[in-house]
1. Find all pairs meeting these conditions: Cβ atoms under 8 angstrom apart; at least six residues apart or on different chains; first residue within the range 17-31 and of a type in the set (S, T, Y); second residue assigned to a strand (DSSP E or B).
2. Looking only at the range 87-110, count every residue that is under 11 Å from V2 (Cα atoms), in a loop (DSSP other than H, G, I, E, B) and of a type in the set (A, V, I, L, M, F, W, C) and tell me the total.
3. Of everything in the range 2-24, what is buried (at least 16 other Cβ atoms within 10 Å of the Cβ) and in a strand (DSSP E or B)? Give them in sequence order.
4. Where residues in the range 25-63 are in a loop (DSSP other than H, G, I, E, B) and buried (at least 18 other Cβ atoms within 10 Å of the Cβ), which of them is nearest to the chain's Cα centre (by Cα)?
5. Return yes when I61 is more than 24 Å from V7 (Cα to Cα) and out of contact with any helix residue (DSSP H, G or I) (no Cβ under 6 Å at 6 or more places or on another chain) and no when it is not.
6. Which of the numbered conditions does I77 fail, given that it passes all the others? Conditions: (1) hydrophobic (A, V, I, L, M, F, W, C); (2) surrounded by fewer than 20 Cβ atoms within 10 Å (Cβ to Cβ); (3) in a strand (DSSP E or B); (4) away from the ligand (no atom under 16 Å from the Cβ).
Amino acid sequence: MVFYKVVAVSELPPNSMRAFTVQGKEILVANLGGKFFSIDNRCSHRKGDLSKGKLEGEVVICPLHGSKFELASGKAISGPKIGPVRGKTPDLKSYPVKVEGESVMVDLPA
Ligand code: FES
């Protein structure tokens, strides 16, 4: 396990999220009421930028076609809606997060 420092706790207020590129990987880090989570930042449907989407409770909604992903697990709980049809999209990867002092650290594959 290799944890990388991503952001200071004070720079990511509760109920906010931001994208970061760490080790060449684009991840989303969210602070849900003081608990931090990290998943891939690009939607598994057509690579929508999830950091520009909407945070709804413990779920992020893709800004392009509305797929919904659980921030704790990366699980796709609802697929893209194009026209009247809602499709399916694969789950995203999630990454372990820990807080050390003032730093939010994310475990990314080397
Ligand atoms: S790109 Fe995210 S739902 Fe289509």
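Read-outs throughout are calculated quantities, based only on the coordinates presented, and are distinct from any laboratory measurement. Model, not experiment: these values are computed from the prediction. Neighbour counts run over all protein chains shown; Cβ positions are idealised from the backbone, glycine included.
1. The qualifying pairs are T21/I27.
2. 2
3. Within the range 2-24, F3, Y4, V6, V7, M17, F20, V22 qualify.
4. If we filter the range 25-63 for residues that are in a loop (DSSP other than H, G, I, E, B), which is where we start, we get 33-34, 41, 43-48, 53, 57-58, 62-63.
Still in the running and buried (at least 18 other Cβ atoms within 10 Å of the Cβ): 41, 43-45, 48, 53, 62.
On the way: N41: 5, C43: 9, S44: 12, H45: 14, G48: 12, G53: 10, C62: 10 Å.
So the residue we want is N41.
5. On the way: more than 24 Å from V7 (Cα to Cα): no; out of contact with any helix residue (DSSP H, G or I) (no Cβ under 6 Å at 6 or more places or on another chain): yes.
Against the criterion (more than 24 Å from V7 (Cα to Cα) and out of contact with any helix residue (DSSP H, G or I) (no Cβ under 6 Å at 6 or more places or on another chain)), I61 does not qualify.
6. (4)
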